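Participant: Got a structure for you, questions after.
The values are calculated or read from the model by the stated rules, or taken from the named source; none is laboratory data. Note that the structure is predicted; figures quoted are calculated from it, not measured. In this analysis, Cβ positions are derived from the backbone assuming ideal geometry, glycine residues included, and neighbour counts consider all displayed protein chains.
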Amino acid sequence: MYKLLDKIQTPEDLRALPENELAELCSEIRDYMVRCCAENPGHLGSSLGAVELIVGIHYIYNTPADKVVFDVGHQAYAHKILTGRKEAFKTQRTEGGISGFPRRDESPYDAFGVGHSSTSISAALGLAVSARMQGRDERAVAVIGDGAMTGGLAWEGLNNAGSSNADILVILNDNNISIDKNLGAFHNYLLRITTSRTYNRVKRKVWNVMGESRFRNWVQRKVRDTKSILVRKSGGSVFESLGFRYFGPVDGNNVQEVIRNLRKIRDLKGPRILHIITQKGHGYAPAEEAPTIWHAPGRFNPETGERISGARKADRYQDVFGEVLVDLARRDEKVVGITPAMATGCGMNLLAEQMPERFFDVGIEEEHAVTFAAGLAAGGMKPFCNIYSAFSQRAYDQIIHDVALQHLPVVLCFDRAGLVGEDGATHNGAFDLAAYRSIPNAVVAAPRNERELKNLMYTALYAENGPFIIRYPRGCGEGVTWKEEPYAELPQGRGEKLLEGKRVAVLALGPCANAAVEAAKVHGAAVWDVRYLKPLDPDMLAESATYEAVLTVEDGCLSGGLYGAVAEAIGRQVPVHGLGIPDRFIEAAPQGRQRAVCGIDQEGIERKIADILKNR
């Protein structure tokens, strides 16, 4: 089907092509990527923009001996296609298929496993130093987007690399957007470089004088060669102040330009940074026009770009959060929202649109988001800080030191808690329950449906202690009415008995309570919606201890979460059994399938209750 792409099994095949055929190859890769992702959705927009860059890297560098580390991995689809995984790419992000992110155990070309932001520079520096210490002639390249560059870890890596004299190349892929539009001082700095008045003034004068000619083309190349000097004079160079040699900006969607610059700097020594400008969604018109939507568009028609979406059974938890936050902000002028670059994903874009002065996107900086929220709370505001559960792990110290230790009323909403589906092990929010229930002063709650989320947010708004943590899953709720319902306070440390029963008491947290009710009906067991992991309902515990056995069910790691808390409280009085995420990383699959694998769906709970009764 493809003239050039079908010939390539490894980057060695790529390096055998003449340079004048690489632009056509890039077009073929882009077409293949679009067609695969139309049927099997993934993170498309960033990878479309990085095709020429990845072709250039594998063309100039001797991979896999030379090590390439991608940041997050959203840009790496062309990398997978060119490194022996073209056919397997059709299975990416599916059960038993390849990962949507680089993984060391998947290919020798994946030098470092990723999935979270801002890790590439530190990892590439480690690879560079390791090669030097062992006398290996290897080069290390970190590919990082401008959104990921806002993360604190990226700057820690830059600071260390710049003073190390290590042979490392950092490629800054600047597309002016991460998932949502980038904000902040660093974004403005990059914009100042790429729109340098000095450079553009010189460029206009030269072109006006030369007109269309071969001499103009020669001059154009010379002007590009001096561009870095001009932009540094106009905008300063934070990179060179950190010890890096700066090159760029370069047109990252021109494969000849990418190759020319990579070839020029490949054999230079010491820390270098190549600043390239790309377009997110490049080469596919729908993605160019709506880059936020096409970051991860779901299924679509590759010919027309029409997105294919199934009917939703209920409102998404993310939409409930967004609408309730706006309503609470209208009721209380002190309510503000903070997100680390996930406004659209978590639903906080609604607050950004309707009350922009009360909305703060701090970039990919989870630690800063929490401490910033703590400062707002200390100043008398009422912050709601929304972080994806897996990413909240980065802010663990700030939650303890800056919020809990000072009793500050910060509401932390952990979106995408539990099993998240096709993003797999890097993104599953498996560890929040075990991590945060041990923190003094913390409240940890999980709603079983949309109405409960609404009421927990209302309860948290007026709580005097903190952090008040609300964790809820990715995707649709249970279909209960919630918009028309009045707010109701849900007292801390109080669960709700959902089903009367005998012999076995099932204590379930969050949406697991819904599956537990249906499963328990089969065996006549009792069910509680725990609601608050911390503090646990003492009356619920006391009554549960009178049953023959207790079963806990949670969408979190079994070690240390609800199971651990209940076993600690009443394990000497009654046998306590647990269902949850086992002690291993759960790979990509649809959420329902992941829950079945862990035994926390209705059928799994039924089997466990039957097993308990059989062995009593």
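Participant: Where the second residue is basic (Lys, Arg) and assigned to a helix (DSSP H, G or I) and the first is farther than 16 Å from Leu169 by Cβ and touching a residue at least 12 places away in the same chain (Cβ under 8 Å) and lies in segment 48-64, which pairs have Cβ atoms under 8 Å and are six or more apart or on separate chains?
Facilitator: Taking only residues 6 or more apart or on different chains, the pairs are Leu48/Arg30; Val51/Arg30.
Residue-wise test of (1) touching a Phe, Trp or Tyr at 6+ places or on another chain (Cβ under 9 Å); (2) of a type in the set (Val, Ile, Thr); (3) under 30 Å from Glu489 (Cβ atoms).
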position	(1), (2), (3)
Gly298	no, no, no
Glu303	no, no, no
Arg307	yes, no, no
Tyr317	yes, no, yes
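Participant: Looking at this structure, is Gly84 assigned by TED's automatic domain parsing to the domain that holds Lys264 and either under 17 Å from Val141 (Cβ atoms) or surrounded by 24 or more Cβ atoms within 10 Å (Cβ to Cβ) (or both)?
Facilitator: Considered against the rule, which asks whether it is assigned by TED's automatic domain parsing to the domain that holds Lys264 and either under 17 Å from Val141 (Cβ atoms) or surrounded by 24 or more Cβ atoms within 10 Å (Cβ to Cβ) (or both), Gly84 comes out as no.
Participant: Right, here's the next one. Please verify whether Ile121 is crowded, with 18+ Cβ neighbours inside 10 Å, in the same structural domain as His282 (by TED's automatic domain parsing), part of a loop (DSSP other than H, G, I, E, B) and without any contact (Cβ under 8 Å) to a residue 60 or more places away in the chain, treating the condition exactly as stated.
Facilitator: Considered against the rule, which asks whether it is crowded, with 18+ Cβ neighbours inside 10 Å, in the same structural domain as His282 (by TED's automatic domain parsing), part of a loop (DSSP other than H, G, I, E, B) and without any contact (Cβ under 8 Å) to a residue 60 or more places away in the chain, Ile121 comes out as no.
Participant: Can you name every residue in segment 136-165 that is part of a strand (DSSP E or B), of a type in the set (A, V, I, L, M) and under 17 Å from Thr278 (Cβ atoms)?
Facilitator: Across segment 136-165, the qualifying residues are Val141, Ala142, Val143, Ile144.
Participant: Can you name the residue in segment 23-53 that is in a helix (DSSP H, G or I) and among the polar types (S, T, N, Q) and is also surrounded by the fewest Cβ atoms within 10 Å (Cβ to Cβ) among such residues?
Facilitator: Going residue by residue through segment 23-53, those that are in a helix (DSSP H, G or I) are 23-39, 45-49, 51-53.
Filter again for among the polar types (S, T, N, Q), leaving 27, 46-47.
Details: Ser27: 15, Ser46: 28, Ser47: 28.
So the residue we want is Ser27.
Participant: Now, a different point. Of the residues Val68, Val34, Val55, Val72, only one is among the aliphatic types (A, V, I, L, M) and in contact with a Cys (Cβ under 8 Å, 6 or more places away or on another chain); which?
Facilitator: Val55
Participant: Let me ask something else. Here is a list: Gly510, Gly501. Which entry is part of a loop (DSSP other than H, G, I, E, B), buried (at least 21 other Cβ atoms within 10 Å of the Cβ) and not aliphatic (A, V, I, L, M)?
Facilitator: So the residue among Gly510, Gly501 that is part of a loop (DSSP other than H, G, I, E, B), buried (at least 21 other Cβ atoms within 10 Å of the Cβ) and not aliphatic (A, V, I, L, M) is Gly510.
Participant: Within segment 547-596, restricting attention to residues that are in a loop (DSSP other than H, G, I, E, B) and without any contact (Cβ under 8 Å) to a residue 24 or more places away in the chain, which residue is nearest to Val506 (Cα to Cα)?
Facilitator: Narrowing segment 547-596 to residues in a loop (DSSP other than H, G, I, E, B): 547-548, 558-561, 571-575, 582-590.
Filter once more, so that each one left must be without any contact (Cβ under 8 Å) to a residue 24 or more places away in the chain: 571-572, 584.
Details: Gly571: 14, Arg572: 17, Arg584: 24 Å.
The residue in question is Gly571.
Participant: For segment 277-294, which residues satisfy the criterion of being among the polar types (S, T, N, Q) and either surrounded by fewer than 21 Cβ atoms within 10 Å (Cβ to Cβ) or in the same structural domain as Gly345 (by TED's automatic domain parsing) (or both)?
Facilitator: Gln279, Thr292, listed by residue number.
Participant: What single numbered condition from (1) among the small types (Gly, Ala, Ser); (2) outside any loop (DSSP other than H, G, I, E, B); (3) not assigned by TED's automatic domain parsing to the domain that holds Met355 fails to hold for Ser309?
Facilitator: (2)
Participant: Only one residue in Val336, Val324 is β-branched (Val, Ile, Thr), in contact (Cβ under 8 Å) with a residue 24 or more places away in the chain, touching a helix residue (DSSP H, G or I) at 6+ places or on another chain (Cβ under 6 Å) and in a helix (DSSP H, G or I), so which one is that?
Facilitator: Val324
Participant: Now a separate question. Is one or more of the residues making up segment 362-373 in a strand (DSSP E or B) and more than 30 Å from Gly96 (Cα to Cα)?
Facilitator: no
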